Amino acid sequence: MPIDPYAAELPPSARDGRLGVGVISAGKVGAVLGAALRNAGHQVVGVHAVSEASRDRAESLLPEVPVLEVPEILRRAELILLAVPDDALAEVVSGAAEAGHFQVGQLVIHTSGRYGTGVLAPAEEAGAIGLAIHPAMTFTGMSLDLQRLSACAFAVTAAEEVLPVAQALAVEMGGEPVVVAEEHRGAYHAALAHASNHLNTITAQSAQILEEIGVTDPSRVLGPLMQASLDNALASGPSALTGPISRGDTGTLRGHLQTLQAGGFPEDILIAYRALAQATAQRALEQGTINEAKAAELLEVLAEDSQPPAGP
């Protein structure tokens, strides 16, 4: 069923190729993307929602859409949006295929960053068309996510002949499609997890240090600094690196380590600081902000007593 790649530029009523969409399930991602497809003019014919939170989310973002069991959604819909957890995806697909629920020509999209279309092989063997479309965004499951989609990249993976369909659907949902090859999905997802999840960890660790020394609102201290650092890193790449390591300031680095070791802070903070400082030193050397001798000196300091202090 063809989809016009330029359809998102037209009002919904004027677009061709409108589809009946089934959403499985109404988690934060599924409900938002289902609403985005509905805003693009597609008809959401059913949503699967088990928990009370999912049902509330479906009622809020997909009002008047019936809550149905999975087999009924697969029977009714031309486009299936699988927004289930990564670890459950393969089982959901294989189970539905074994039960004979997929239809020839049915579009089956999953939203997992981890997988390409290989995980959809059982559905494709039944005649469905598999597409992997992952929005590179953190979702709240609220309507404000729909506005954020306009600044969001969507990783799309699909067979060459249907790749334009995946790209068009990403555009219709408000995002920008970025093609990621099947064999690169693992690296793609690792990059996003490293950037997003570990940023959260670093933020929490830094806030904890500030709280423990009496700073009552760490976000006011960290917010402007971290936002500026992120903006600079995205705009200028590795050349945006600043701080004691990029300056080769061995004394400051040793002082940080001593403070984190002696200050009674959680061990995970010191472990993370060491690991990231080592990586930063290597990148500073590659950028030429420090020479090999200074890099070796910094790495030696980081290796000193590298085991965190034992607990009481």
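Every number here is computed from the coordinates shown, using simple stated rules; none is lab data. The structure presented is a predicted model; accordingly, all values stated were derived computationally and were not measured. For neighbour counting, all protein chains shown are included, and Cβ atoms are generated from backbone atoms with ideal geometry for every residue, glycine included.
General remarks:
- Summing charges over all other residues whose Cβ lies under 13 Å from the Cβ of Ala159, with Lys and Arg as +1 and Asp and Glu as -1, gives -4.
- Relative to the dominant Cα principal axis of the chain, helix 218-236 is inclined by about 80°.
- Cα-based radius of gyration of the range 7-180 once divided by 2.2 N^0.38 Å, which approximates compact folds: 0.93
- Stretched out straight at 0.36 nm per residue, the stretch from Leu199 to Thr252 would grow longer than its current Cα-Cα span by 16.8 nm.
- Stokes-Einstein translational diffusion, the range 230-312 - Kirkwood Rh over all Cα pairs, 1.567 mPa s, 4 °C, in µm²/s: 96
- Rounded tilt (10° steps) of 86-98 against the dominant C-alpha axis of the chain: 20
- Length-normalised contact order for the chain - Cα pairs under 8 Å, 6+ apart - percent: 13
- Computed about the Cα centre, the dipole magnitude for the range 188-303 is approximately 180 debye when only Lys and Arg (+1) and Asp and Glu (-1) carry charge, each at its Cβ.
- Applying Stokes-Einstein at 37 °C and 0.692 mPa s to the Kirkwood radius of the range 87-161, computed over alpha-carbon pairs, gives a translational diffusion coefficient of 245 µm² s⁻¹.
- Extending 7 Å from Cα along the Cβ direction at Ser150 and again at Gln278 yields two label points whose distance is 4.5 nm.
- Rounded to the nearest angstrom and listed largest first, the equivalent-ellipsoid semi-axes of the chain from its Cα gyration tensor are 46, 21, 19.
- Taken about its Cα centre, the chain carries a charge dipole of about 520 debye when Lys and Arg each add +1 at the Cβ and Asp and Glu each add -1 at the Cβ.
- Computed packing ranks the peptides 83-96, 120-133, 41-54 as 120-133, 41-54, 83-96, most packed first, by mean other Cβ atoms within 10 Å.
- Virtual paramagnetic centre 7 Å along Cα→Cβ of Ser51, amide N under 15 Å, in the range 126-152: 139-142
- Length released on extending from Glu64 to Asp86, taking residue separation times 0.36 nm less the Cα-Cα span: 5.1 nm
- Computed over neighbours whose Cβ is under 13 Å from that of Val108, the net charge equals -3, Lys and Arg +1, Asp and Glu -1.
- Unit charges at the beta carbon, dipole of the range 188-303: most positive-side option, Ser219, Gly264, Ala284: Ala284
- Local electrostatic count at Gly130 - Lys and Arg +1, Asp and Glu -1, tallied over other residues with Cβ under 11 Å: -3
- Most tightly packed first, judged by the mean number of other beta-carbon atoms within 10 Å of their residues, the peptides 246-257, 56-67 read 56-67, 246-257.
- Extension gain, Ala235 back to Ala190 (0.36 nm per residue minus Cα-Cα distance, nm): 14.1 nm
- Helix-only CD estimate at 222 nm, as mean residue ellipticity for the chain, using -39500 (n - 2.57) per DSSP H run (n ≥ 4): -16000 deg cm²/dmol
- Rounded to 5, percent antiparallel among DSSP beta bridges of the chain: 15
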